[in-house]
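Colleague: Structure incoming, see below.
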């Protein structure tokens, strides 16, 4: 096989994160040659110790996807924490709401899993896929659309000068997608004016397999339960996501560990007792973004390349995984009917399957953010009344829970 042939693909996925790697796994049985390109090496042995600072709240829909791929047992064997309950409350009032898996007849509301553990399982599986070529770590420098005797293709030039061609280029390269930029996809986006601080903490009291979220006027604070692989742990570790104003975030990042733990305990009202220790802290700006179109002839955006969402409900990666599943499904249908992978009719079916669902979840989260950010007395009164009202209406509350868990998604 010539070098030219080796650099030609039916589907080229740029980005080997959770969403891009999942799509590659979903295409394992498809009659296509798949390439996977990332600027960093894969990490099939990258199990984080003791904990990864970045975690995902995987819904039951995401768990089913990984189970169907034969990966969930490997993820679960390392560690993950099913949570049966979620408590949400307003710091400026008495309003609160409690979600319980038992009320909707499910074993859990979701599972908190460290991103590194999911990635390791995916990257291990990628090594076994026959129709997949994992390319050396490189970044994309330029794109060119080709239309000649070989048909419609996208030519990709990497930072080392390598030329790759593909009938379908999939951008799974994150919120700052280079593919989206080079292909000039238009987006609607805005800054939240908040920074998110993430780290792992140990609390005096066990987390009770519960996700906790307190809404303050400066932003939400979430404690997400972690399951240690130590039999002596007794569930004292949580991953925190503290969304706050930039000046406050900068000040919190400058604190000593002891001072940060004290500030965190106060912000969380010592709900789990004092925060006893914290790991290294990370901070990043929060931005909402949605591509007006997810597709062009020969190019598709998935995951954060297509949409980014406020992390307050942990829905981001779940939406991206559903993108990957929908695109794989449409590719399978299109190939069976003789369509090329980059056929715009096929790709628009994927866009229709996902854009409405993603937008509805994004606006729901945006509504929550604005509702809890309002400080007018009337807004606070209505907010607390609304929380109490929904909490006392099991049918409405459980429908919200099922939507967030992805159980009612039929796309």
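Colleague: Determine if the range 285-307 includes at least one residue that is part of a strand (DSSP E or B), touching a strand residue (DSSP E or B) at 6+ places or on another chain (Cβ under 7 Å) and over 29 Å from residue 177 (Cβ atoms).
Modeller: no
Colleague: Name the single residue that is nearest to residue 51 (Cα to Cα) among those in the range 243-280 being in a strand (DSSP E or B) and modelled with pLDDT under 95.
Modeller: So, considering only residues that are in a strand (DSSP E or B) and modelled with pLDDT under 95, the one nearest to residue 51 (Cα to Cα) is 243.
Colleague: Please work out if residue 290 is surrounded by 21 or more Cβ atoms within 10 Å (Cβ to Cβ), within 25 Å of the chain's Cα centre (by Cα) and either outside the structural domain of residue 243 (by TED's automatic domain parsing) or touching a residue at least 60 places away in the same chain (Cβ under 8 Å) (or both).
Modeller: On the way: surrounded by 21 or more Cβ atoms within 10 Å (Cβ to Cβ): no; within 25 Å of the chain's Cα centre (by Cα): yes; either outside the structural domain of residue 243 (by TED's automatic domain parsing) or touching a residue at least 60 places away in the same chain (Cβ under 8 Å) (or both): yes.
No.
Colleague: Out of curiosity, is residue 139 assigned by TED's automatic domain parsing to the domain that holds residue 281 and either surrounded by fewer than 22 Cβ atoms within 10 Å (Cβ to Cβ) or farther than 26 Å from residue 277 by Cα (or both)?
Modeller: Details: assigned by TED's automatic domain parsing to the domain that holds residue 281: no; either surrounded by fewer than 22 Cβ atoms within 10 Å (Cβ to Cβ) or farther than 26 Å from residue 277 by Cα (or both): yes.
For residue 139, the condition - assigned by TED's automatic domain parsing to the domain that holds residue 281 and either surrounded by fewer than 22 Cβ atoms within 10 Å (Cβ to Cβ) or farther than 26 Å from residue 277 by Cα (or both) - is not met.
The values are calculated or read from the model by the stated rules, or taken from the named source; none is laboratory data. Computed from a prediction, not measured in an experiment: that's the story for all the values here. When we count neighbours, we look across all protein chains shown, and the Cβ atoms used for this are built from the backbone with ideal geometry, even at glycine.
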